[in-house]
Each structure stands twice: as C-alpha cells, then as structure tokens.
C-alpha cells in the first residue's frame, strides 16, 4: 500500500469514528445485543478478495477463490451489483467498508452490520458451531481459518506431498461440503456408527492384497476362520440409521484409492486432516446458509429503522441512502433482503395488531362478532399515534418529555440533553429508552402500514376472541388502548430471532395474508405445452415450493445408508427424494469424487421422473398433462465406469417424501 493510500484510509476511518460509535449506541437503545465489531477500510480489489474468501482475509490455497474473485469483479464492472459491505460471524466480528462508498452508504453499511452482529450473537443456530450459544468467547473463526490456511499451505509445500494431489483432495471434499448434519452440534470427531467387528481391520481384504495362495493361507489360518470370513451370514451393515453427515462418515471409514496398485489403502494423516478442516469449515458456514433470509431481512429492517425512522442519514444524505436501499431491495430473483424484511415487518405488524385487538375485545359490549361494526379503526390509529413530544424531539421541547411515562425516558440522558451535553437535533433517540423508541416508531401507524389493522379477517377475530383470557375488562376503547404494550412487536421479533432458521421462519409466517398482500404465486411446468404458467396463489403451495429451496441449503439431501453394501465394503448413498430429481450427469461426476474418498465402489439410490414420448403426444392432442412415472435408479461407480440400472419401487420407497408437488422446477418456484 502506498503512503497516500494509507493516509486516505486513515482519513476515512477518522471521519467514520462518530457514526460507528453512535450506530452501536443506537443499536443497543433499540434492544439489540451485537458482538463487538472491528471495522476496516478496504479498496475495490481488496473488497472483491474478501467476498471471494467468504468474508475473511486468509483462506487455504485453492483455485476456487480465484474463480470467485473473477466472478465478483465482473459483476461490479458490468453492472451486476455493487458490493457495499461484508461482515463475518466472529467475536469480535470484522466488517469491511469499501473506501469508494459515499458517507450515506457507509452509514447504511454500519447500521446493517450492527444488526448482523446482533443476529450472529443471539441466533441459536450459530451456537451449534461453538457447542454453546451462550459462550460467545468460543467464536474465533478467523483464527481457525488462518490455521487451516497455514496447515494446507504447508502440506502443499511439503516435497514429499504432490501439491496437485492436495488440491484434488480438497476438490473431492468440497463435493460433500453440504452433506453434513446441519441440525447437530458440531464436534471435531463425530461418533459415527461402525461395524461391530471389523475383522481385525479388514484382514480378509489385506490377505487378498498380499496375493497369498490358498495353500499358504491354510498353513497360517485354520479352515474355520477362513470360512467365517466368507460366510454369507457374517454380513455387517452399518450405520444403524441413515447418516446425514456423509463427510464425517467417509472421514472415519473411507480409504484412498491407489490407481497404480488398483486397490484401496488407508488415508494418510494429511488426507484425514484436510477432511477434518473442510468439515469444520462446512459446519461454520452452515448457520449463515440456513438463515440467509432471516439474517439479511433482520439487518435490512434495523438499518431502515436507524437510517430512516431515526434520521441516522442526514438530510443531505437521505436521497443517496434511499437510492442505496432501493437497489438492495430491488435485486432480481429470490431476494433475501426484500423477502426477509417484508416478513419481519409482517411479524411486527401482526403481533402489534393482535395486541390492540386483544385490548379492544375486552371492552364492555365488544366481541369478535361486532367489533368491526362498533370500532372505528381510523380513530384507533389516531389514538395510537405517538405523542407530539415523543414524535418531534428538539432542544426546545425537552421539558415536555417529563410529562410522558417514566419507562419511556432515559432520565440521565435527558438531564445531559437539557444541559447541552447531548445534541438532540442529531441524536434525539439518546433521551429515550427502548420502550420509548418502540412507542415512537409504533408500526401500525406508519403510512405504509396504516391499513394493516383494518385488514384483519373475521376468522382471525374469532380465533383471538374465543381463546382470550378474561383477565381484564375496560369501560371504553380509550381505556383499552391506554394499556397497549407498544414494545410487544419488537419483543416478539427478538424471540423469533433467537430460535428460528429460514425453514421454520417461512413455515411459521408465510401465511395466506402475507402471500396475497405481496402477490406471490407459483409457476408450474407443462409437459404438454413445454412452457411455464402461473399455477397457484394458495399459501400452502407457495410455502411448500419455497421451503424446498431452503431445506438443506436448497441442495439435494444425501445420507449414508450402508458402509458395507452388498457385503463388499461398498458405500451406499441415498437421495432423500422430495419430488425434485437429481441431475444424473452431476450425480455421476459426484460419485467419481466420492469414490476417491471411499477407495471402493460407490452406489447411489435415487428416484427419477419419466414421461413416455407417446403419452406426451397424446396429452398434447387432448390438452392435458401426461402421466409421470416415478422410477427407482441405482447408480454405481467402480473407479472406471458408472452404471445406471432400474430398481424395484420397494427398494427406493423409503427415500420418497410425501405430499410434494412434483411438477415444478426449483428455479421457477416463486415469482
């Protein structure tokens, strides 16, 4: 780095000291609990390198990073999207700001990062990697990745180890990086099932490798022992249950294949070490893959709250920020920012609406049948508007805050503001508590959400009314609204942030109301026309297809079903079929990679959908869909060639999921 570049970065860092400090203070005021964050200023090329490396400055030597760097650079050059920030899950977290960003962009990034860091620190799925989500000190991903980079670099530099062999071994391991047990606590050494007796480390196989004659064998071993090796009833099948952590299984039971000797041999120490490292990294990044929609939506929500609702973007920066946010939320395809933010807003609004309705249904003379006839929702919203003293805080109106409920006001900060120590024009939130900020930014009265309260269905009203505990009654609507808990929406969001991942989040909150309001629908592929068409706006259809994209990171779910398949030490994998077929070409290539980690033939059971060409032609003439036939397949790779054969349905029936729409392709699930 040149001297001028260094001074420029120092100047930018100096200008951002106050925004960094105050963004952290505001995040905590809003109720967030982020890890500490270290911010770094980087240039355009450094940012692309960091993105390629998954947010870290050091990764093991491999061609994949160069490919990802090239892709990211082209995306920026040809209008595919601008990189504003990157932050990693660590304690402390590390965030990187691109020096060419405007001040408005930098502020947006900083507020976004603080929310991400809160999510990292408090979501239970991130705790699976450390084994204890409460022990934040255990997170030290940067150090782990640095150790891995150094160790693999040393293996590649070892004159007794071929560098290309190390890189190829990493390629083999990466094929299985998503075949882990993402719902289990990470353990360096997984206790995977093995055969109860491995015949003295597979002595039978070693005898064959030695090429001993039958005469020599019988001089050393008696007939009874040799017969025991070959006996059909000695078949040992393991694991006892399907093992989803394929990477752990091949690490524990796999071998390397020696092509010159045409036999399998024990893995070397460096090979098992590399598998350990690849598996650890797969588990570390799993939580980020499992919570992409939640995490990005959470960060976008709180960024918007800070930058817009609390004016963290100055008057001269707001238009620039609005343009920034619009670009992020308008990204094409299944956008985790827009979907996630919309769902978090829906959770907040739905919770706040229920709170208000529960109060109203306790008013004398009001029940779920007559509420909409008696209550004027416009009057309710007017009552729910924040008090003027809370909504418009200035140096001249500070005294008015003393008349508000004490739980809304930070008395110490108010005293400092009244003495001029706090600039309330820039930071009005400093004189409020979290409860006060929740009241100040109550979601139901925001312009974009004002119709949400009145959109409640009669069915929802009945559900709330029938199961309402009659623990309080009010004499008037005004009395009921005076008891509203204005922080209930934020409290609910915090609870959800702790326990959910994308699959459970979408399953719980992707309701018919949300889908209708956001105009989501499904596409379906027609075999008769060869085209796609809108198929359904039903919540269950949209949810089902969307959930498939997030289950197992949207990748095929593969598990180990037998490590001694056909009593020949072959590996049997099973594809847990959910209506979406495997790409058989990719499956063949994958088996070739897995063979290198197993050292013996590898098998894969799956289900494919087949349509007879004649049936398609008949269906076209009759304007209907042809019948789709599901067929079990067994793929086998023996080190030289791959074979594919049909198998009876009872052989694969256990792999098939129930109640899945089989006619929609993944990339067309959601519009």
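Pick from the range 631-649 the residues that are in a loop (DSSP other than H, G, I, E, B) and touching a strand residue (DSSP E or B) at 6+ places or on another chain (Cβ under 7 Å): which of them is surrounded by the most Cβ atoms within 10 Å (Cβ to Cβ)? Give the steps one after another, and end with the answer.
Going residue by residue through the range 631-649, those that are in a loop (DSSP other than H, G, I, E, B) are 638-641, 648.
With touching a strand residue (DSSP E or B) at 6+ places or on another chain (Cβ under 7 Å) added as a condition, the list becomes 639, 648.
Numbers: 639: 15, 648: 9.
For the range 631-649, the residue satisfying everything is 639.
Anything in the range 424-446 that is farther than 26 Å from residue 356 by Cα, in contact with a helix residue (DSSP H, G or I) (Cβ under 8 Å, 6 or more places away or on another chain) and either free of Cβ contacts under 8 Å to residues at least 60 places away in the same chain or not in a loop (DSSP other than H, G, I, E, B) (or both)? List them, or say none.
To start, the set of residues in the range 424-446 that are farther than 26 Å from residue 356 by Cα comprises 424-428, 430-431.
Right, trim to in contact with a helix residue (DSSP H, G or I) (Cβ under 8 Å, 6 or more places away or on another chain) and you get 424-425, 427, 430-431.
Answer for the range 424-446, where residues must be farther than 26 Å from residue 356 by Cα, in contact with a helix residue (DSSP H, G or I) (Cβ under 8 Å, 6 or more places away or on another chain) and either free of Cβ contacts under 8 Å to residues at least 60 places away in the same chain or not in a loop (DSSP other than H, G, I, E, B) (or both): 424, 425, 430, 431.
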Within the range 571-612, tally of residues that are touching a residue at least 40 places away in the same chain (Cβ under 8 Å), within 22 Å of residue 265 (Cα to Cα) and part of a strand (DSSP E or B): 2
Matching residues in the range 151-175 - criterion: being without any contact (Cβ under 8 Å) to a residue 12 or more places away in the chain and part of a helix (DSSP H, G or I): 154, 157, 163, 164, 165
Residues of the range 576-586 classified as in contact with a strand residue (DSSP E or B) (Cβ under 6 Å, 6 or more places away or on another chain) and surrounded by fewer than 22 Cβ atoms within 10 Å (Cβ to Cβ), total: 2
Looking only at the range 375-384, and only at residues there that are closer than 12 Å to residue 482 by Cα and within 39 Å of the chain's Cα centre (by Cα), the one that is surrounded by the fewest Cβ atoms within 10 Å (Cβ to Cβ): 384
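If I ask for residues that are in a loop (DSSP other than H, G, I, E, B) and free of Cβ contacts under 8 Å to residues at least 40 places away in the same chain, which ones from the range 5-54 would you list?
From the range 5-54, those in a loop (DSSP other than H, G, I, E, B) are 16, 30-36, 43, 53-54; that's our starting set.
53 - this is the single residue of the range 5-54 that is in a loop (DSSP other than H, G, I, E, B) and free of Cβ contacts under 8 Å to residues at least 40 places away in the same chain.
Counting only residues that are at pLDDT below 95 and either in a strand (DSSP E or B) or buried (at least 18 other Cβ atoms within 10 Å of the Cβ) (or both), how many does the range 255-264 have? Give the derivation first.
Going residue by residue through the range 255-264, those that are at pLDDT below 95 are 256-264.
Checking which are either in a strand (DSSP E or B) or buried (at least 18 other Cβ atoms within 10 Å of the Cβ) (or both) leaves us with 256-258, 263-264.
Residues flagged as at pLDDT below 95 and either in a strand (DSSP E or B) or buried (at least 18 other Cβ atoms within 10 Å of the Cβ) (or both) within the range 255-264 amount to 5.
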Pair list, Cβ under 9 Å, 6 or more apart: the range 329-341 residue over 17 Å from residue 502 (Cβ atoms), other residue surrounded by 15 or more Cβ atoms within 10 Å (Cβ to Cβ) and modelled with pLDDT under 90: 329/335
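One residue is enough: does the range 568-584 have a residue meeting the conditions more than 23 Å from residue 657 (Cα to Cα) and at pLDDT below 95? Step through it out loud before you land on a result.
Residues of the range 568-584 more than 23 Å from residue 657 (Cα to Cα): 568-570.
So of that shortlist, the ones also at pLDDT below 95 come out as 568-569.
Scanning the range 568-584, I find at least one residue that is more than 23 Å from residue 657 (Cα to Cα) and at pLDDT below 95, so the answer is yes.
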Wholly enclosed helices (runs of 4 or more DSSP H) of the range 295-409 bearing at least 2 residues within 22 Å of residue 463 (Cα to Cα): 336-360, 371-374, 377-384
Selected residue (criterion: surrounded by the fewest Cβ atoms within 10 Å (Cβ to Cβ)) from residues of the range 405-422 that are in contact with a helix residue (DSSP H, G or I) (Cβ under 6 Å, 6 or more places away or on another chain) and within 15 Å of residue 438 (Cβ to Cβ): 407
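The values are calculated or read from the model by the stated rules, or taken from the named source; none is laboratory data. Keep in mind it's a predicted model, so treat the numbers as computed, not measured. Because the Cβ atoms are built from the backbone with ideal geometry, glycine has one as well, and the counts that use them run over all protein chains shown.
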